[in-house]
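Everything on this sheet refers to the single structure shown next.
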Amino acid sequence: MDDKKYWIGLNLIKGIGAVRMQGLVAYFGDLESAWKADASDLMSAGLGAKLAEKVIGARKQIDLDQVWAKIEAQGIKILTWADEDYPARLKEIDQPPPVLYIRGEYLLDDLFAVAIVGTRKVTPYGRQVTEEIASFLAANGITVVSGLARGVDAIAHQTALKAGGRTIGILGSGVDRIYPPEHRGLAEQMMERGAVISDYAVGTPPDASNFPPRNRIISGLSLAVVVIEAAETSGALITAEFAAEQGREIFAVPGSILAPQSKGTNRLIQKGAQPLLTPADLMQALDLTRMDKQKSARKILPSDETEALVLNTLGSEPLHVDEIRSQANLPIEKISAALAMMELKGMVRQVGGMNYVAVREEQSGYSV
């Protein structure tokens, strides 16, 4: 748990967002100190008098151990800025959410993600296009991100799952308050091959004001945003605006100039979004071939110091495990465990008699 319960506690206080959280971390060094600080120190850290008093009041009312126990009981994972596995792409955006609540699992391969968003009032045309694009992405190992809403969002999630891919839903409520309620079953399936994620605290009900801000996470997690159908006032256009601010690729599916559901997408194209005429357009723009190489290369990179030491010790000439142990200056059991894992990863190869060689670029096609 370390200090995560303090991140959660401060995240529960309305008025403390990314900027103020950054200020607290910078001033106190850790959030446990911030949570326990007196009003004057909190004000020195950048909080106004009223907000400082709010923190003091929250401290008296909130039992952090009880909150944490509730989160653990529901199998919810917490990621903060301080965690190495906090989504790297999301961390790049302006004011990334300090705390993410996750049901399911966010994986390294989810860095390769595309958002599909659109209207709740999807047409047969919109449904067909959504299914084609989501299937294409899933088949190419790209995670589909959307908002679990009715219409385009739900179709994108369902199709990705049917195609055997991964999909992530970003909520405008707590991860324990799936909305709309008829998507609870879909959310459960997504937790098996993906995740539902929110920056809203556990127990937060769905509210109209929550949904526009969550769209920054949909685009923030993604390499690109595809808008399938959107009316002129659609929430999907808010996601496209966030994507533009974050430097993400924006694609829009053109439609009839007479169809209300295509007015927003056609306008996006007019403003410079790339018209998506075929799923293969994504292949070219996102360079999916390069992504496959990056994924494969990452799998054969050292995952810790022991693996790095072993890899640096080995070359193309066979080396006995005892010699590896001697040169790396580590216990034999650590060396043996590392070699077994590295062999599974394809980083090293046993060439007989407990002798090993490193699998280098010329053998694997990727540099290590």
**OP:** Can you tell me which residue among GLY169, GLY164, GLY126 is closer than 30 Å to ILE16 by Cβ and either buried (at least 24 other Cβ atoms within 10 Å of the Cβ) or small (Gly, Ala, Ser) (or both)?
**Re:** GLY169
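Conditions tested, residue by residue: (1) buried (at least 19 other Cβ atoms within 10 Å of the Cβ); (2) in contact with a Ser or Thr (Cβ under 7 Å, 6 or more places away or on another chain).
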position: ALA187; (1), (2): yes, no
position: PRO205; (1), (2): no, yes
position: SER219; (1), (2): yes, yes
position: SER234; (1), (2): yes, yes
position: THR265; (1), (2): yes, no
position: LEU286; (1), (2): yes, no
Original post:
Among the numbered criteria (1) in a helix (DSSP H, G or I); (2) of a type in the set (D, E, K, R); (3) more than 19 Å from LEU12 (Cα to Cα), which single criterion is violated by ARG150?
Top reply: (1)
**OP:** Report yes if some residue within segment 129-146 is within 22 Å of PHE211 (Cβ to Cβ), assigned by TED's automatic domain parsing to the domain that holds LEU286, part of a helix (DSSP H, G or I) and among the hydroxyl-bearing types (Ser, Thr, Tyr); otherwise report no.
**Re:** yes
Original post:
Given the residues ASP41, ASP109, ASP3, which is the only one that is surrounded by 15 or more Cβ atoms within 10 Å (Cβ to Cβ) and assigned by TED's automatic domain parsing to the domain that holds VAL175?
Top reply: ASP109
Original post:
Quick check: anything in segment 75-88 assigned by TED's automatic domain parsing to the domain that holds HIS157, surrounded by fewer than 19 Cβ atoms within 10 Å (Cβ to Cβ) and part of a helix (DSSP H, G or I)?
Top reply: no
Original post:
Residues that are at pLDDT below 85 and not basic (Lys, Arg): which helices (runs of 4 or more DSSP H) entirely in segment 275-368 hold 2 or more of them?
Top reply: 280-286, 288-299, 305-313, 332-345, 361-364
Subject >> Test for PHE242: is it of a type in the set (A, V, I, L, M, F, W, C), buried (at least 21 other Cβ atoms within 10 Å of the Cβ) and closer than 30 Å to LEU10 by Cβ >> reply: yes
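The values are calculated or read from the model by the stated rules, or taken from the named source; none is laboratory data. Given the structure is predicted, the values throughout are model-derived calculations rather than measurements. Note that we place each Cβ from the backbone using ideal geometry, even for glycine, and neighbour counts take in every protein chain shown.
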